[in-house]
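K.L.:
Just passing along the structure, written as structure tokens.
What follows draws every value from the coordinates through simple rules; no lab data is involved. All values reported here derive from a predicted model rather than from experimental measurement. Every residue, glycine as well, gets a Cβ built from its backbone with ideal geometry; the counts of neighbours run over all protein chains shown.
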Amino acid sequence: MKLEAWLAFRYVFRNRSRHISFISLVSLAAVSLGVAALVIVIAVMSGFDEDLKSKLLSLNFPLVVTLEKENRSLVKDISKIEGVKNVVLFSQNQVAIRRGKSVYPVMLEAVSFDSYSLPRWQKYLKEGSFQKGLAVGEGIAQRFFLGEGEEIQILSLSGKKLKSYTFRIGGIFSVGMYDFDNTLIVGNFSYLEKFLSENRPRYYLGVEVTRSRLYNLEEIKRKIASLDLAGIIAITTWQEQNQALFSALKLEKITMFIILSLIVLVGSFNIFSTLTVKVVEKTKDIGIMKSLGLSPLRVSAVFTLQGIIIAFLGVFMGVVLGVGVCFLLKEYHFIHLPSQIYYIDYLPVLINPRDILTISLASIGLCIFSSLIPSLWTRKISESEALRYE
């Protein structure tokens, strides 16, 4: 096999002028650029996916238990389940905010700041404190020109009557996601006590789990359901709540992988054309090799190995280039996104070794397959025909 490898390496990188073969260089560059494009795009899409999941988990609970009514006794029972870190009671009510003549629908959420929820929200505060009143999203604050210490009116429909409540703005938060920043107001249970007693908000239990259970919540879900079926309406996981979003992201990632694989396919066609030209150009060499006793299989291996060499070098260079660009994007954020459209102002990047391996194997497979057909043509060349005019 050493002879075949030596000949293949010589054919790839040296022509009769002993310079790097231009046509081999073009094939190598095509494969490298295709692989690099795949690595960069998949890493960016994985970064968007991971960043979105991180934000969803930082603001939503992995498990949410919907209750018929306020039930604080379930908090202790669920806290004892293995894998559960904390349980928080919270409520939500659809209301409207009024400022002057402007009315805007929002979601009012009451949470228990004495356990987990305050640290969960604290890092998103731009100013103020949740303990001193209601915290409003940055989008709401900008819409109504609100600041810390100002008062707002909350309108709620209780039965057939429209009631108005006046609350103080205690803080402004910015999550970076439209749904939260433009539609959510948060307050402590104690501060919203009067409002809760006169209205009928929907109560929930937010269940925080250990990191090892974030993607395996079915067992905890079954144990919670067995505690008090009479007081529980539904139990939903964060995957179920965002199933449509995750399905769309997964489909988009697969689609982009297939589309960008066409670039690698073009590179593999270059390998096919390169080896086809090589077979025609080296007809005399093929005749000499066969006349010296090399079997048709060994002669074919010489040209197959050329495709393998180009494939491995092209994939290696493409992965290095792609990972290098991803590193620069991650460290320096030199590509900025319009904040009016995206929830972040830079491209998030996540390099997943499994994605790199999948891209590499798929690219190598395409290139090797493209090199097989020209190499098989060498079996049809007889030594007598190859050397007839030499």
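K.L.:
May I ask for the distance between the Cα centers of the range 73-93 and the range 181-201, given as a whole number of Å?
P.N.:
If we compute the Cα centre of each part, the gap is 19 Å.
K.L.:
So, counting K/R as plus one and D/E as minus one, what does the shell of residues with Cβ under 12 Å around Ser300 add up to?
P.N.:
Working: positive: Lys290, Arg298, Arg379, Lys380; negative: Glu4.
Its environment carries a net charge of +3.
K.L.:
Oh, and also: Using Cα springs under 10 Å in a Gaussian network model of the chain, which residue among Glu50, Glu193, Glu70 shows the largest mean-square fluctuation?
P.N.:
Glu193
K.L.:
Also, quick follow-up: What is the local net charge at Val319, summed over the other residues whose Cβ is closer than 15 Å to its Cβ (Lys, Arg +1; Asp, Glu -1)?
P.N.:
0
K.L.:
Mind sorting out which of [x] 28, 61, 11; [y] 22, 44, 32, 2; [z] 22, 35, 22, 16, 5, 0 is the real P(r) over Cα pairs in 20 Å bins from 0, in percent computed from the coordinates?
P.N.:
Matching the structure shown: [z].
K.L.:
Counting helices only, and only those DSSP H runs with n ≥ 4, report the 222 nm mean residue ellipticity of the chain as the sum of -39,500 (n - 2.57) divided by its residues, in deg cm²/dmol to the nearest 500. Please list the in-between numbers first.
P.N.:
Numbers: 14 runs with 208 residues, N = 390.
The helix contribution divided over the chain gives -17500 deg cm²/dmol.
K.L.:
May I ask you to list the aspartates and glutamates whose Cα is less than 18 Å away from that of Lys2, ignoring any residue fewer than eight positions away on the same chain?
P.N.:
In chain and number order, the partners are Asp285.
K.L.:
Expected output is a single nm value to one decimal: the length gained when fully extending between Lys161 and Arg72, i.e. 0.36 nm times separation in residues minus the C-alpha distance. What is it? Kindly include the intermediate steps, with their values, before the conclusion.
P.N.:
Values: separation 89, 0.36 × 89 = 32.04 nm, distance 2.90 nm.
Contour length minus Cα-Cα distance gives 29.1 nm.
K.L.:
Could you work out how far apart the two model spin labels at Ile373 and Lys85 are, taking each label as a point 7 Å from the Cα in the direction of the beta carbon, and quote it in nm?
P.N.:
Using points 7 Å along Cα→Cβ, the separation is 5.5 nm.
K.L.:
Suppose each label sits 7 Å from its Cα in the direction of the beta carbon; what would the Thr210-Ala29 distance come out to in nanometres?
P.N.:
5.5
K.L.:
Tell me which aspartates and glutamates have Cα within less than 15 Å of Lys284's Cα, excluding those fewer than 8 residues away on the same chain?
P.N.:
Once the sequence-local aspartates and glutamates are set aside, what remains near Lys284 is Glu383, Glu385, Glu390.
K.L.:
Quick one: Thr274, Thr237, Thr210, fewest Cβ neighbours within 10 Å first, how do they rank?
P.N.:
With the fewest neighbours first, Thr274, Thr237, Thr210 line up as Thr210, Thr237, Thr274.
K.L.:
Go ahead and collect, in residue order, the members of the range 357-383 whose backbone nitrogen is under 20 Å from a label point 7 Å along the Cα-Cβ direction of Val266.
P.N.:
Only 359-360, 362-371 fall inside the zone, counting backbone N under 20 Å.
K.L.:
Separate question: Cβ under 15 Å from His333's Cβ, His333 left aside: what net charge do those residues give with Lys, Arg +1 and Asp, Glu -1?
P.N.:
On the way: positive: Lys330; negative: Asp51, Glu331, Asp345.
Summing Lys and Arg as +1 and Asp and Glu as -1 gives -2.
K.L.:
Mind checking which helices in the chain clear 18 Å along their axis (Cα) and have mean Kyte-Doolittle hydropathy of 1.6 or more, DSSP H runs only?
P.N.:
Within the chain the helices that satisfy the rule are 22-59, 296-332.
K.L.:
For the chain, give the magnitude of the charge dipole about the Cα centre (Cβ charges: +1 Lys/Arg, -1 Asp/Glu; no others), in debye to the nearest 20. Show your work: numbers first, answer last.
P.N.:
Values: 44 positive and 33 negative charges, 123 e Å.
With only Lys, Arg, Asp and Glu charged at Cβ, the dipole is about 600 debye.
K.L.:
Could you calculate the contour length gain from Glu219 to Leu357, that is, 0.36 nm times the residue separation minus the distance between their Cα atoms, to one decimal place in nm?
P.N.:
Working: separation 138, 0.36 × 138 = 49.68 nm, distance 3.23 nm.
46.5 nm is the gain from fully extending Glu219 to Leu357.
K.L.:
Can I ask one more? What is the spin-label model distance, in nm, from Arg99 to Thr276 if the labels are put 7 Å beyond Cα along the C-beta direction?
P.N.:
Going by the 7 Å Cα→Cβ label model, 6.7 nm.
K.L.:
Between their Cα atoms, which of Lys80/Lys126; Lys161/Lys194; Lys55/Lys250; Lys53/Lys253; Lys123/Lys163; Lys53/Lys76 are more than 26 Å away from each other? Walk me through the intermediate numbers first.
P.N.:
Numbers: Lys80/Lys126 35 Å; Lys161/Lys194 16 Å; Lys55/Lys250 18 Å; Lys53/Lys253 15 Å; Lys123/Lys163 33 Å; Lys53/Lys76 28 Å.
Long pairs (Cα-Cα over 26 Å): Lys80/Lys126; Lys123/Lys163; Lys53/Lys76.
K.L.:
Round to the nearest 0.05 the FRET efficiency obtained for Thr255 and Met177 when R0 = 25 Å and r is the Cβ-Cβ distance. Don't skip to the end; give the middle numbers.
P.N.:
Details: r = 24 Å, r/R0 = 0.95.
Working from the Cβ atoms, E equals 0.55.
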